[in-house]
Each structure stands twice: as structure tokens, then as C-alpha cells.
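As C-alpha cells, the structure follows; a few thoughts come after it.
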Amino acid sequence: MAQPKPPSERPAAPQRHDWLSVLLQPVHLVMGLADYPLRYLQKKTGIGGMAAFFLAPNMLIFAIFVLLPLVINLIYSVTGGSALFLDERSFVGADQYRQIFDCTNYLDPMSCQEDAFWTAVGNTFWFVVLQVSLMILVSLITALILNRELIGRSFWRAVFFFPVLLSPVVVGLIWRWILQRQGLLNSMLYPLGFEPYTWLSDRTFAFAAVVGVSIWAHMGFYTLILLAGLQAIPKDLYEAAEMDGTKPARIFWRITLPLLMPNLLVVIVLALIKAVQVFDEVFVLTGGGPGTSTLFLTQYIYETGFVSLPRNAGLAAAASILMGLVLVVLTLLQLGIARKNENKGKR
Amino acid sequence: MSTAIAFLTRRKGGKFWHWTDIVTWVWLIGGLIVMFGPAVWLTFSSFKTPAGLAEFPPSLLPYVTQQVRVEGYEKPLPLFNAKLADGSTRVLAEVRRIGIVSQMVDPKAPGEIIKVRIGDREPVREISFATENYTQPFMQFDFFRYLWNSVFVTVTATLITLIVNSMAAFALSKYEFKGRNAAMLVILATLMVPLSVILVPLYSIISSVGLFNSLWGVILPTVATPTGVFILRQYMLTIPDELIDAARMDKASEWQIYWRIIVPLTAPALAVLAIFSVVWRWNDFLWPLIVLSRRELYTLQVGLSIYSGELNVQWHYILAMTVVTMIPVVLVFIFLQRFITTGIAGSGLK
Amino acid sequence: MGSITLSNIQKSYGAVHVLHDINLAIEEGEFVVFVGPSGCGKSTLLRVIAGLEKVTGGDLKINGTRVNDVSAADRGLAMVFQSYALYPHMTVRQNLAFGLENSGMPKPEIATRIAEAARMLEIDSYMDRRPGQLSGGQRQRVAIGRAIVRRPTAFLLDEPLSNLDAELRVSTRAEIAALHARLKSTMIYVTHDQVEAMTLANRIVVMRAGRIEQVGTPLDLYNEPANRFVAGFIGAPHMNFIEAEVAGSSPDGLTLRAGDGTLIPVALEGTALKTGEAVSLGVRPQHIDLANGDLSSGLAASVRMVEALGSETVIHAETLGQKLLAIVPGQRRLVAGETITLSWKNAPLHLFGADGLRIGTAQPR
Ligand SMILES: Nc1ncnc2c1ncn2[C@@H]1O[C@H](COP(=O)(O)OP(=O)(O)OP(=O)(O)O)[C@@H](O)[C@H]1O
Ligand SMILES: [Mg+2]
């Protein structure tokens, strides 16, 4: 047989990742041994049985740790008492919900029996509004800037992305350290004639700090998605507009923004979903204080269910179901938008 | 050099700086300071002694007052630059301070006591890194345990995540069976169920199976990530089915197909998921906080938050441990940031 | 060893019936080629034989044993895929060894088998490369090598040459023929390239829409196509079909009337065709020649287009009220619009009934 000359004689692949294959030796051994029982299983159950086998662990964990809790949550919310086990709890019907909604004046959380819940709802609402709107604005500006012809774009993108990876505890501690009495903020203001101030003991400032810090921590993520959206806009659209002598502002309003809209909507809903659940970094930064000025829903659930004595699992469950409803609505909104975008893409 | 500057400051067309160029660079440089500054500041602070931390206004670098041993005095004495009555300046060691007057000696001639008003003396300072901030928590407190717990949770959870998710993704991408779409729907639906909604019942499940106060109680609920299944499945769909047919003709069992063919070919997606999982699990806070109530089980995040929540916060230790907690994430950031950013840009997951 | 028998094989995906009642007996050592238009079920049939798809009806026997419920791994067959399906993360050597390792063969034996196959296919020089570092032709060899080392009962090849360029396809085709002559094992080969089918096959199976239309040796199919579909499918370019009706019959033949009224007398023995019945008359382009102006023995035609290929000339002509293709040897000076005379003096004329089935081969009279 004649050997045809290949179009290009590529060099043989160097043996890469040798250390990795050494590292994987024992794993391979175990997985190889697992083959004997599994071959037997395959003989018994056929290929369909193996599909079930592959799916089972994941679905089992889902069932136990996600689906089952959802059901138990419902049961908790209609039972009372401080016991944790379901059979020790008595049925109370809608009492938990009634307690939550027991207010004399719906505009004043203090008039409610569960004033902490309504305070948390109010705080969460304002947090969501402020955090999401400001963060999207900042992210959009950053994404627009990063989308310019820029040297080292990936470096700058990384700069804004850095805090996203930090743990919420670290984020909280970093800013607590900066905002404390002898902290960096005070020492920068000191030369300008401001006396040191304990910022986080100030109700208004603590709230502002919580909003600002969470924007700081998460904006990189949204910038990234928006930037990807911006880069997907065909360059020739801009070139055509420039050829027509269109003003930059007009280009932004008539080309960039409409074409970015699908991404922008997704990002907004995503940010809303995250913002509703805000907890970790706030818990470390302010602990919900001063007073209840930065008490948010998740922390309310956490404290009602786990910290305050006696524990009130029923109330916490009812509160989390109410929060879950909001999240479901938001998620459905997101899916709706995603589907609409997909359809648009098809057309 | 000048070409380098020209290169770095190259702008969109034109010879002159357009105002948008100025805005861009102000924004970028500002961003650089705001995004990195706090972490850098914290890292510098973590090397200061408690005295250095209490200073106001603080210095950037960790300075301490130099000390000397002087004959006749038990403890080392702090050194100062003292302005004497005759206008000359000498380096003196402070023996004690009485009111606004400091009693000082010349370290070389410790016999004579010199009195200096405290306003006329400046400490002699040197840079010194208080590494005991790092070593002490590990030796005296439980931070070594916390570190170990965090590593254990992160590594174990990531490994299980990779295996369990990739098996499920394999089943969902390469087999036809009844209920496949239902399974896919369930997985998508769980994307909607954040931890904060099922906190209480999840806790009761964990306690009733005896996993309360166990690291496995932290690990297990997190491993079946829907996002993981999702990205792996998307990736596996691109592997041609003919490869699997070929393997079947080659007498491979389904398990071998999974392990010898699918897993190696999914390596890039597995790598992305592994990175994500490491960051997720390392950073997890609320759930470990609930499950772990015994000190020796805390993860770094929980330990940090508990210690920092104490009445008398020992900031020098907290700062150092915060830096330790940041290290893996910073390493991921430096070496694997590109993976993550493309992963997010591609799938919009977090 | 290597006979494969299909009886009443059915395959459906849900409500979609892909294979209808397939009956076929493949002898040991035979080279059988499945041909048919795209989507007719060739690959499905091959995969059913391989065990990659379960049949929904009928019996499949290998060497006389029913294998309907035997898994692909245990049928002892080897398959070469259209995309080659080489494991991209393994070297050529590992690709060849994978199947042998899975069957628990001892290492030295694996090594000798691989060495043997490598020598036979001349792939020794790139045994430690990965498929991504090979050219299409090299990958093709490795794919065949992977089948050879297994020493299978039969080889199943699904369009193995379709990803190669024309030149390589011709040479590899010859190599596969040589391989079959050497190994003498049963081979089932799927293609929709009829030249491949004609050159390689002992027997060709022509399929259409999930059914077998005809099984036979290449020349059988060429000379006596069982129906209009096979007649049109085998042979390139396609056979010309002249739609006509029976105008009259005599003991030694028929007179047909073409669409434009021209009468065509043909010699055909023993038919029961009645006057007025619709038939089609098939004649291969290669069997039509130019009659040098001798109108009495030919058909008047006008030239629509001429393709000069050097060794032969393809004439697109119009006659009998329809288009007709003729391929004549040599180079002819013709221009479009010109009127010529075509002749099929010695051509076999294939006569098909209105139902498309073969009636017989007639001779022009
Ligand atoms: N998994 C499936 N589900 C439903 N229909 C299928 C499936 N696989 C194949 N088919 C259908 O079966 C028919 C035969 O497909 P097959 O792949 O066997 O065709 P083929 O003859 O090999 O065509 P080609 O020459 O294009 O390769 C096609 O109409 C196809 O749409
Ligand atoms: Mg096919």
C-alpha cells in the first residue's frame, strides 16, 4: 500500500501533563476497578439502566436537599411550635402568615406584630432599588469604557472583576476595616478638616455603605456580561453610522442601547434576584445594624429560624416562602426575557 | 520609552485628547484604585502591630519604633530623635514618661538622665513586618483547623461536584430515555431555589440525618449544582455520538465510555466548573454558619466572622487571617481569571 | 465464519418507520455494498446489524445465531465510521489498543496485533500522534486499522471514503479492495457513490425509503435493473427514460409511440403488453451514438448543449419531445441549436411498465 503524503507533516505531540497523569494513576485504578461491578449492572439492566445509574446520584441529592426542603418548608409554614421534627409540630393553618400580615397600618412597619419582618422588607426593597439601579449604571458605564479601543482591555476587565471572586466575609471585613474609626476613610478626610467618625454607627451611612460595598463587590460580574453583549454588536453598524456622521450620543441611544437591551434586561433581572437575597457581606459589615437599619430579609429568616430563642421555624418558613414567591416571579420574568431574546435571534 | 508611553496612551483616532479619552482614563485609573486599593490596604495593615494599628492617621507601611537594649535597664527601650535645649538633635532612649516630660538616656552613655519635653521628640521608626499576626492565630487559636476544614470542604465538595454533575450531564446528553426532559426541567427549576429560601427545612433534614455539626453537612447540599450539570451537558452535546458508538463497538462498557471517553473530552468544561466550584465552596458562608456550631469545625469564613464579631476584636489577627482567606482566591484570579471571565461571558453563570 | 442473515427486519423510531421488512442473506467473505439515496436507511440498517440500534421486528442472525438481544460489544463486528470516530484524546496506538484492552487481551498479544496492522496499513510512522495531528487519509487508515486489529467476524463500513478528496478516494478504494482480497472477511459497505459500489461489491443492495429494491452483482444491476429506480440509480450519468405508449404489437416485437408521436419499433419476445399501455423505455447515454446523417436509422435531435471532455463528448439533446443525454466517444464539433441524428442501433433498451417494474430488454428494430 502506498502511503499518501499528508498535506503537512505535523510534529508529534509532546507528552504533556506528565505529572497530571501520574497524579491520576490511583484514580484511574479505582475507576477501572469500578468497572467490574458496573459491567455486571449493565448486563442486568441494559443501557437504559446505566442511564438511570448515571443520573441517580445527582437527582438523589437534588431530591433530598432541594425538593424535599421545598415541601417541608410548606409544612413548616402551616405548623407551629419550636420543635424541629415535623411530627412534634401542631397544625396551625395560616396562623404564621396571619401573624406576618397582622398590621394596623400597612405603611408603618412598627404598627405590625412582626415589625422586624416588615422592617426587613422595607430595607430590602430600598436596597434592591438603589443597589440594582446604581450598579447597573456603573456596570454599563464601565462596560462601555472597556468596549472602546483600549490597550490591555483584558487587564482592565480583570481589574473590575477582582472583587467578584472575594468571599463576602472578606469583603465585609475589608470595608469594616476601612470604615472604622481609625480607618482609611477617616484618615483621608482628616487632613480636610473632618473629625474621625464611626461611619457604620450612623443609620443612614451604614445603609449607604451596604449599598456601596455590594455594588463594589458585584459590579464586575455584570460588567462582564454587558461587555460580552457590547462586543457582540457588529462593528460595521458603528462604522456605517460614523460614515453617516452620526453623533456619538445618537449612536449610543439609537444603536448601542437598543442592541444591548436583551443583555441589559437579563442583567437587571439577575441583579434583582441576587439583591433580594442579600445577606453575607452585610452580616459581616454591619450585622444588620445599627439597630435594624440594615436588616434584610435573609437575615430576618436566619435570625428567626436559628438565632432568636425560642426558634420559630414556622415563621421563618412562612417568610422564606413569601421571599421565594418574589424570586419565582423574577425568575419567570428572566426566563420569559431569555425566550424572547432567543426568538429574536432566530428571526 | 516614549514610544511605550505613546503606545499605552494610544487613543481612538485623532491627535488630540478627546474628552471621552480623559473620562476613560480617569475611570480606569480610579477603578484600579477603588477595586484593588482596599485589599492592598488591608494586606499592608495585616503586617502592623496592635500599636501600629491604633495609630491615627495611619501609615501605609508597617512601622514600629526602634528599640535598644541599654545597660542597666531590663526591658528594651524605645529610641527617639530628641531636640535638646541647645537646639541640637540626638538619638536617645526613653526610660519613662512623666506628664509631658520624658526621661531619656543616651544608649552609649546610659549614666546621665536627660529630660525632654514630649513635643520635642520624634520616635525613630523602622519598617517591620509583624509576622506574628500570621503565626499566632495558627498556633494559639484554631485557625489551622479552620484552614484545614475549609480546604477539606472545598476539595471534597469540588471532587464530588465534578463526578456527580458530569455523570448526570452524560446521562442527560447522550442517552434517550423516558423522563429525560422531566429531569432536565427539575434541574432548571432548582436554579430558581436559592439557599435562603430553604434554609430552615434544609437544616432540619441535615440534623435528622445526623449531619449537623459535620463537614459533610456543609458539603452534601452543595454538590448537585444545577449550573454544573448545565454547562457540562452543553459541552457534552458537542461530542459526536459516533465516538460513543465506536467505543461500544470496541467493547467498552457504559462506565468505561463515561470514564475513558467522555470525561477526558469534557476536560475543558470540567476545568471551568472546578474553578467555579473551588471559589464557591471556599467562599460559602451562610450555610456553614448554620450547620457548624462547634469551634473546631468552623471553616475560615465562619471562624473569621465569629472572631470579628466578638466584642473585643483583635484586628491584627483578623486582618492577617483575612489575607490568608483571600490567598486562594487571589491565586485563582491571577492564574485562572481568563477561564472564569470567558466562562461567565459564555453562559452568564456565577 | 461471517455470515449474516436478516429476516423481516423492521426498525422504527416511535411513529417513524425507517426500515420495512428487510430480508437479506450475506455469505461469509462476501463484499456487500448498500447503496441508495440519502435518508433511505442505509446507515440505520448498518447500525442495526452492528447492534447500535435495536430492531423493532424481525430476526438478525450472525453465523446462524440469533443476535437480536446481543449487545454491540458482543457481536464480534467492527465498524468504520464516516467521521472515523477516532478518540481524539488518545494516540493512534491507544486508539488501536482500546478495543483489545476492553476484551481483556494480554498486553504482548495486543502489541503484536497492532504492529501487524500498522505494517499492513503503513501507519507505523505516526503511531504516537493524536488524530488531530493526522491528515484525512491517515485518519482513514487508522480507523480501518482499529477495525482490523479486532479480527472481527465482519467489517461494517459507513461511507468510509466520503470525507476524502477525489484522488485519495480512488486510491483508498483500491486499497480497501486489496484488503478484502487479503483478509477474506465479510464486509458490509455503505455508500451513495455508485462507482464505489460497482468497483468494490460482490453484491450490491439497492435501497429506497427503507426497502430493498434489488440485490445482485454489479453487472446484474447494470444490465438487468429490476425497476426504473434501480435503472436510474445505477450508472452515471443516469439512464434516459423515454415515456411512450404501446402503439401496436407483433409476435417479434412492439411499436411504441413517443410523446411527440414518433413511432419506435423494438424487438422483444413474449410480452403481454396491450396497445395503449404506458411504458418507459430506458437507454443509457453511453449506448447512444451519432448517426452520420443517415436519417433512416436514427432520431432527429437538436443540440441544446455540448460538454467536451476530451475523451468523450456529452451531448444534451432534445428529441421525441423530451430531453435526452448522449455520450459519444472522441471529440465532436457540435454547436447548440444544430440538428443531429442520434442512433441506438445496438443498444439494449430497458422496458419498464407503468408500475416501474422491469418488463424486459428490447433491441431496436
Ligand atoms: N434517531 C432517529 N430518530 C428518528 N428518525 C431517524 C433517526 N435516525 C435516523 N432517522 C431517520 O431514518 C432515516 C434513515 O436514516 P439513515 O441515517 O439510515 O439514512 P442514510 O441512508 O444513511 O442517509 P445518508 O446517505 O444521508 O447517510 C432518515 O429519514 C432519518 O431521518
Ligand atoms: Mg448514512
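FYI, it's all coordinate maths here, none of it is from the lab. Just so you know, these numbers come straight off a predicted model, no measurement behind them. When we count neighbours, we look across all protein chains shown, and the Cβ atoms used for this are built from the backbone with ideal geometry, even at glycine.
Quick notes on this structure:
- Segment A:43-198, Rg to Rh (Cα coordinates; Rh as Kirkwood inverse mean 1/r): 1.15
- Least to most buried among B:Trp282, A:Trp156 (fewest other Cβ within 10 Å first): A:Trp156, B:Trp282
- Between A:Phe91 and B:Phe339, the modelled label-to-label distance comes to 5.3 nm, taking each label 7 Å out from Cα in the direction of the beta carbon.
- Debye intensity ratio I(q)/I(0), log10, segment C:240-357, q values 0.10, 0.11, 0.23 Å⁻¹ (C-alpha model): -0.31, -0.37, -1.33
- What the phi angles of segment B:333-340 give under the Karplus curve with 6.51, -1.76 and 1.60, with θ = phi - 60°, is a coupling list of 4, 5, 8, 10, 3, 4, 4, 5 Hz, glycine and proline written as x.
- For segment B:204-280 and segment C:331-365, distance of Cα centres in Å: 65
- Along each principal axis, Cα extent of chain C, largest first, Å: 77, 46, 35
- Out of every Cα-Cα pair that segment B:133-347 contains, those further apart than 26 angstrom amount to 45 percent.
- Solitary cysteines of the protein assembly as shown, where the nearest other Cys Cβ is not under 4.7 Å: C:Cys40
- Segment C:174-257 gives an Rg/Rh value of 1.13, both radii derived from C-alpha positions and Rh following Kirkwood.
- Result for chain B in a Gaussian network model with C-alpha springs under 10 Å: among B:Met236, B:Met326, B:Met104, the largest mean-square fluctuation is at B:Met104.
- The length gained by stretching the chain between A:Val27 and A:Val71 to full extension, at 0.36 nm per residue less their Cα-Cα distance, is 12.0 nm.
- The HN-Hα couplings worked out from phi for segment A:322-330 by the Karplus form 6.51 cos²θ - 1.76 cosθ + 1.60 (θ = phi - 60°) are 4, 5, x, 4, 4, 5, 4, 4, 4 Hz, whole numbers, x standing for Gly and Pro.
- For segment C:240-357, the relative contact order is 27 percent, taking Cα pairs closer than 8 Å that sit 6 or more residues apart in sequence and dividing their mean separation by the residue count.
- Label-point separation in nm, A:Thr45 to B:Val91, each point 7 Å along Cα→Cβ: 7.8
- Among A:Ala217, A:Ala318, A:Ala56: highest mean-square fluctuation, GNM of chain A, C-alpha pairs under 10 Å: A:Ala56
- If you look at the Cα atoms of segment B:13-156, you get an Rg and a Dmax of 23.9, 74 Å.
- In summary, segment A:46-136 shows an alpha-carbon radius of gyration equal to 1.69 times the 2.2 N^0.38 Å reference for compact globular proteins.
- A Cα-only calculation for segment B:63-127 places Rg and Dmax at 11.0, 31 Å.
- Local electrostatic count, A:Glu195, Cβ distance below 14 Å [Lys/Arg +1, Asp/Glu -1]: 0
- All C-alpha to C-alpha distances of segment A:183-325, sorted into 5 Å bins beginning at zero, yield P(r) values of 2, 8, 12, 12, 12, 11, 10, 10, 9, 7, 4, 2, 1, 0, 0 percent in whole numbers.
- Check: segment A:86-346 dipole with +1 on Lys, Arg Cβ and -1 on Asp, Glu Cβ, in debye: 860
- Separation between Cα centres of segment B:139-174 and segment B:20-98, rounded to whole Å: 42
- Spread over its residues, the convex hull of the C-alpha atoms of chain A is 335 Å³ per residue.
- Amide N proximity, segment A:222-264 versus A:Leu137 label position 7 Å along Cα-to-Cβ, cut-off under 15 Å: none
- Relative contact order of chain C, pairs being alpha-carbon contacts under 8 Å that are 6 or more residues apart, as %: 15
- Value of Rg/Rh across segment C:75-170 [Cα atoms, Kirkwood radius]: 0.95
- For the protein assembly as shown, the Kirkwood estimate of the hydrodynamic radius, built from every pair of different alpha carbons, is 36.5 Å.
- Per-pair calculated FRET efficiency, R0 = 22 Å: C:Val195 and C:Asn223 via Cβ, rounded to 0.05: 0.85
- Here the residues C:Tyr84, B:Tyr73, C:Tyr189, A:Tyr40, ranked from fewest to most Cβ neighbours within 10 Å of their Cβ, fall in the order A:Tyr40, B:Tyr73, C:Tyr84, C:Tyr189.
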